[in-house]
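Just below is one structure, and these are the notes that go with it.
We did not get these values from a lab; they are worked out from the coordinates using the rules stated. Values in this document were obtained by computation on a predicted structure and should not be read as measured data. So basically every Cβ, Gly included, is an ideal-geometry build from the backbone, and we count neighbours across all protein chains shown.
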């Protein structure tokens, strides 16, 4: 029953009950009983008005949310920013995997310095589209790659370096973390600087998991609608 029909039904009940209470030649007790539906219809009308008001305010909130979502997702600037993030992530992750390949093939090696330089160059190129949090996170990863290369370079050209053992330990510890080992020398590794972890954070920036879930939900709803219509 829609709202209009509900109000009509309540009005009919009220008029019929009030007319019966006024016009029928009955005693006071019976007249009081015949007026009960009229009172009930008034309460029903008040309840319906309250429900309609709640529904109206809810629809306004929903409309406002939809408008905000529409502006945020369809505005030119939002589309440009998202596209730029995608391009940055693709370029950055490609170089990350190149660095990872070098580390797996060569171990801690001075070649890591070149990868650190290229990663920093890519990040600088797209800096205007990156948030400070992402810049900080990627800066930490690049610093780890850079230190691996710098330590390897130092060990290669300074065999008499007094803290050689400490440098080697620090270099291999960073190497283990970047390539994603679970522990080094019996000590657990956090994995904060692992390539897989950094890629996961970039996916979060783009909302890849949320977009994938949304797409799956939309496909499911479309499929259900087709089944129901058939």
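For a quick check: sort 133, 161 by the number of other beta carbons within 10 angstrom, fewest at the front.
Neighbour counts put them in this order, fewest first: 133, 161.
Tell me the label-point distance for the pair residue 182, residue 220, using the 7 Å Cα-to-Cβ offset, in nm and rounded to one decimal.
3.2
Could I get the Rg over Rh figure for the range 149-211? Both from C-alpha atoms, Rh via Kirkwood, rounded to two places. Mind showing how you got there, number by number?
Values: Rg = 15.9 Å, Rh = 13.5 Å.
For the range 149-211, the value is 1.18.
Test of understanding: ordering 171, 96 by Cβ neighbours within 10 Å, fewest first, what list do you get?
Working: 171 22, 96 25.
So the ranking, lowest neighbour count to highest, is 171, 96.
Could you check the simple spin-label distance between residue 117 and residue 136, using points 7 Å along Cα→Cβ, in nm with one decimal?
Here the modelled spin labels are 2.9 nm apart.
Order of 123, 221 from fewest to most other C-beta atoms within 10 Å?
On the way: 123 20, 221 10.
Listing 123, 221 from fewest to most nearby Cβ atoms yields 221, 123.
So if R0 is 45 Å, what FRET efficiency would residue 157 and residue 83 give, r being the distance between their Cβ atoms, rounded to the nearest 0.05? Walk me through the intermediate numbers first.
Working: r = 44 Å, r/R0 = 0.98.
About 0.55, to the nearest 0.05.
Using only the alpha carbons, work out the radius of gyration and Dmax of the range 76-210 in angstrom.
16.2, 59
List the residues of the range 126-140 whose backbone N lies under 15 Å from a point placed 7 Å from the Cα of residue 201 along the Cα-to-Cβ direction.
130-140
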